[in-house]
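Student: Take this structure first; my questions come after.
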């Protein structure tokens, strides 16, 4: 089965996740925005071997450490969807805008599309294209574990910002309601910031996208 552990990174307290296959101890790092020493120390503590990097979207707090980590470990980067290319190519500009140390741009080894799958050890996750916060945002779903890594699409009690370039509020709402909520109320999701929640809890009470919003 798939296992997950959250490692908060960067001044934005971004939820970097380490996903691993409990049979093989092979792991993926999802959204290594920075603080790579902290991520690597946690992987060592868990006794897992990082075999790839997965990216939900191209904002610096999620992808700023990807190039360096990939180079240090010799592992591939998969994701996001290619509509986020402009965010990744603008990584140095993002670093100046948000006060990060200069970070590297990168070309993912694999751009992801709706319906693709990614593997972690012997486990497989589905890729869901969820534009709105950014145009190329993707979500990773492990159906058997009822677990989703949703980046900055949805939060406990909130939704992602849409005031960045090529963000769109109605597109984000549609992504959540037609692509995520339909997956089932019991799915636990790890957001890009803040505590975990379930799609059912958000349908019931989220003031932006719940059933009564």
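The values are calculated or read from the model by the stated rules, or taken from the named source; none is laboratory data. Just so we're clear, the structure is a prediction, and the values are computed from it rather than from any experiment. Note: ideal-geometry Cβ built from the backbone for every residue, glycine included; neighbour counts use all protein chains shown.
Student: Can you confirm whether the stretch 121-131 contains a residue that is in contact (Cβ under 8 Å) with a residue 12 or more places away in the chain, touching a helix residue (DSSP H, G or I) at 6+ places or on another chain (Cβ under 9 Å) and in a loop (DSSP other than H, G, I, E, B)?
Tutor: yes
Student: Oh, and also: Residue 198 passes all but one of (1) surrounded by 17 or more Cβ atoms within 10 Å (Cβ to Cβ); (2) closer than 25 Å to residue 1 by Cα; (3) in contact with a helix residue (DSSP H, G or I) (Cβ under 7 Å, 6 or more places away or on another chain); (4) without any contact (Cβ under 8 Å) to a residue 40 or more places away in the chain; which number fails?
Tutor: Failed condition: (3).
Student: Next question, about the same structure. Take the residues in the stretch 173-195 that are part of a loop (DSSP other than H, G, I, E, B), in contact (Cβ under 8 Å) with a residue 40 or more places away in the chain and touching a helix residue (DSSP H, G or I) at 6+ places or on another chain (Cβ under 9 Å); name whichever of them is nearest to residue 143 (Cα to Cα).
Tutor: If we take residues in the stretch 173-195 being part of a loop (DSSP other than H, G, I, E, B), in contact (Cβ under 8 Å) with a residue 40 or more places away in the chain and touching a helix residue (DSSP H, G or I) at 6+ places or on another chain (Cβ under 9 Å), then 187 is nearest to residue 143 (Cα to Cα).
Student: Among the listed residues 187, 159, which satisfies the condition of being surrounded by 19 or more Cβ atoms within 10 Å (Cβ to Cβ), within 24 Å of residue 22 (Cα to Cα) and at pLDDT 95 or above?
Tutor: Of the residues listed, the single one that is surrounded by 19 or more Cβ atoms within 10 Å (Cβ to Cβ), within 24 Å of residue 22 (Cα to Cα) and at pLDDT 95 or above is 187.
Rundown of residues vs (1) touching a residue at least 40 places away in the same chain (Cβ under 8 Å); (2) in contact with a strand residue (DSSP E or B) (Cβ under 8 Å, 6 or more places away or on another chain); (3) in a loop (DSSP other than H, G, I, E, B), yes/no style:
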site: 6; (1), (2), (3): yes, yes, no
site: 15; (1), (2), (3): yes, yes, no
site: 19; (1), (2), (3): yes, yes, no
site: 38; (1), (2), (3): no, yes, no
site: 42; (1), (2), (3): no, yes, no
site: 53; (1), (2), (3): no, yes, no
site: 69; (1), (2), (3): yes, yes, no
site: 87; (1), (2), (3): yes, no, no
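Student: Then there's this: Would you tally the residues in the stretch 15-34 being over 16 Å from the mean Cα position of the chain (by Cα) and closer than 30 Å to residue 165 by Cβ?
Tutor: 0
Student: Kindly indicate whether any position in the stretch 34-45 is more than 26 Å from residue 194 (Cβ to Cβ) and buried (at least 18 other Cβ atoms within 10 Å of the Cβ).
Tutor: Checking the stretch 34-45: not a single residue is more than 26 Å from residue 194 (Cβ to Cβ) and buried (at least 18 other Cβ atoms within 10 Å of the Cβ).
Student: Let me ask something else about it. Among the residues of the stretch 97-113, what is the count of those that are surrounded by 13 or more Cβ atoms within 10 Å (Cβ to Cβ) and over 12 Å from residue 82 (Cβ atoms)?
Tutor: Qualifying residue count for the region: 7.
Student: Check whether at least one residue in the stretch 161-171 is in contact (Cβ under 8 Å) with a residue 24 or more places away in the chain, on the phi > 0 side of the Ramachandran plot, assigned to a loop (DSSP other than H, G, I, E, B) and in contact with a helix residue (DSSP H, G or I) (Cβ under 9 Å, 6 or more places away or on another chain), and report yes or no.
Tutor: Yes, the stretch 161-171 contains at least one residue that is in contact (Cβ under 8 Å) with a residue 24 or more places away in the chain, on the phi > 0 side of the Ramachandran plot, assigned to a loop (DSSP other than H, G, I, E, B) and in contact with a helix residue (DSSP H, G or I) (Cβ under 9 Å, 6 or more places away or on another chain).
Student: Collect the residues in the stretch 142-160 that are at positive phi and touching a strand residue (DSSP E or B) at 6+ places or on another chain (Cβ under 7 Å), keeping them in residue-number order.
Tutor: The answer is 146, 151.
Yes or no, residue by residue, for (1) in contact with a helix residue (DSSP H, G or I) (Cβ under 7 Å, 6 or more places away or on another chain); (2) modelled with pLDDT of 95 or more; (3) buried (at least 19 other Cβ atoms within 10 Å of the Cβ); (4) farther than 20 Å from residue 160 by Cα:
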| site | (1), (2), (3), (4) |
| --- | --- |
| 53 | yes, yes, yes, yes |
| 58 | yes, yes, yes, no |
| 64 | yes, yes, yes, no |
| 73 | no, yes, no, yes |
